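Below is one structure, written out as structure tokens; the observations come after it.
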Amino acid sequence: MSKQFAVIGLGRFGSSVAKELYDLHYEVMAIDINEERIQENVNVVTHCVQADSTDETALKALGIRNFDVVVVAIGQNIQASILTTILLKELGVETIVVKAQNQLHAKVLYKIGASKVVFPERDMGARVAHNLVTPNILDYIELSDEYSIVEIIASEKMNHKSLVELNIRARFGCNVMAIKNDHRINVAPDANDMIKTGDILVVIGHNKDLRKFEDFVMNGK
């Protein structure tokens, strides 16, 4: 069954994560205390709910513990961010990803049970979304609204196959810019260069083509 995500806090970062996850065809519940933000995002996610995430009863009513991953993207209110994280942990949410304002905030979040802490200035919403759904992705850089670069770990099915055998450009419309491993970085690799499991491929392409390639790496489709 496909993973289910909840995103709490629909500022610029939260709404970016929620929309990107939804565009990647995942079920997403978006939660915010502000009615206006709910209206802004109602058409770009699966469900949009107005609720106070510091209210345990409200979280229980939303069935929050049934979500595989909950992203806490609350803006400036550090107290609400910490309290929400504590409640999610107590309610048994498996993976809690929280936006931090600074290093001290991050330290506190890890101590109270956050699975991962992100800094929005450093980690764009789209990048975080891709990392959540594709463990093989190490990095995701948006070049524009349509084009991106990803660093993706080569899977077992790619082992001992050359770029020409995998036919990545023709099949997916993406270009492999470099192959990295422990020993070296092979920039502008040759079509006959071999890929091994665990190699890091630096790939550029249109977002929809990159999604197809990610799906192939993860699921062999």
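Would you mind getting me the FRET efficiency between Glu94 and Val42? Use the beta-carbon distance for r and R0 = 25 Å, nearest 0.05.
0.40
Fully extended, how many nm does the chain gain between Glu146 and Lys161 (0.36 nm per residue separation, minus their Cα-Cα distance)?
Contour length minus Cα-Cα distance gives 2.5 nm.
Tell me which aspartates and glutamates have Cα within less than 18 Å of Lys107's Cα, excluding those fewer than 8 residues away on the same chain?
Answer for Lys107, where 18 Å is the Cα cut-off: Glu121, Asp123, listed by chain and number.
Quick check for you: which residues of the range 25-47 have the amide N under 20 Å from the point 7 Å beyond the Cα of His206 toward its beta carbon?
25, by backbone N distance to the label point.
Going by how many other beta carbons lie within 10 Å of each one, how would you line up Thr197, Thr85, Thr95, fewest first?
By the 10 Å Cβ count, ascending: Thr197, Thr95, Thr85.
Out of residues 5 or more away from Val118 or on other chains, whose amide H comes under 5 Å of its own, with H placed 1.01 Å from N in the peptide plane?
The list, which skips near neighbours in sequence, is Val98, Lys99, Ala100.
Largest first and in whole Å, give the semi-axes of the chain's equivalent ellipsoid, each being the square root of 5 times a Cα gyration tensor eigenvalue.
Equivalent-ellipsoid dimensions as semi-axes: 35, 17, 15 Å.
Taking other Cβ within 10 Å of each residue's Cβ, how do Ile137, Ile195 sort, fewest first?
Least crowded to most crowded, the residues run Ile137, Ile195.
Report, in whole Å, the centroid distance computed from the Cα atoms of the range 133-196 and the range 6-50.
31 Å
To the nearest µm²/s, what D does Stokes-Einstein give for the range 1-117 at 10 °C and 1.306 mPa s, using the Kirkwood radius over alpha carbon pairs as Rh?
115 µm²/s
Starting with the highest mean, order 10-20, 174-184 by the number of other Cβ atoms within 10 Å, averaged over the residues of each peptide. Walk me through the numbers on the way to the answer.
Numbers: 10-20: 22.7, 174-184: 14.5.
Top of the packing list down: 10-20, 174-184.
If you average 1/r over all unlike Cα pairs in the range 134-219 and invert the result, what Kirkwood radius do you get in angstrom? Intermediate values should be presented prior to the final figure.
Values: mean 1/r = 0.0789 Å⁻¹.
That comes to 12.7 Å for the range 134-219.
Starting from the Cα gyration tensor of the range 22-61, take the square roots of the eigenvalues, sort them a ≥ b ≥ c, and report rounded, prolate or oblate (rounded when a/c is under 1.5, otherwise prolate if a/b is larger than b/c, else oblate). Could you put the intermediate results ahead of the total?
Details: a/c = 3.41, a/b = 1.49, b/c = 2.28.
The shape class here is oblate.
Neighbouring Cβ atoms within 10 Å as the yardstick, rank Asp32, Asp145, Asp215, Asp199 fewest first. List each step's numbers first, then the result.
Values: Asp32 27, Asp145 8, Asp215 15, Asp199 19.
Arranged by neighbour count, lowest to highest, Asp32, Asp145, Asp215, Asp199 become Asp145, Asp215, Asp199, Asp32.
Calculate how steeply helix 12-23 sits against the longest principal axis of the alpha-carbon atoms of the chain, using the helix alpha-carbon long axis, and give the answer as 0 to 90 degrees to the nearest 10.
Relative to the chain, helix 12-23 is tipped by roughly 60 degrees.
Given Lys157/Lys208; Lys3/Lys212; Lys19/Lys180; Lys3/Lys161, which pairs have Cα atoms separated by over 27 Å? Walk me through the numbers before you get to the answer.
Values: Lys157/Lys208 22 Å; Lys3/Lys212 18 Å; Lys19/Lys180 31 Å; Lys3/Lys161 30 Å.
Pairs exceeding the cut-off: Lys19/Lys180; Lys3/Lys161.
What angle, in degrees between 0 and 90 and rounded to the nearest 10, separates the Cα long axis of helix 78-90 from the longest principal axis of the Cα atoms of the chain?
On a 0 to 90 degree scale, this one is about 80.
Gain in length, Ala170 to Ala188, computed as 0.36 nm per residue apart minus the alpha-carbon separation, to one decimal in nm?
4.8 nm
Nearest-5 percent of antiparallel DSSP beta bridges in the chain?
Around 50 percent antiparallel, to the nearest 5.
Every number in this text was worked out from the coordinates using simple rules, so none of it is lab data. The structure displayed is predicted, hence computed values, not measured ones. We place every Cβ from the backbone using ideal geometry, glycine too, and count neighbours over all the protein chains shown.
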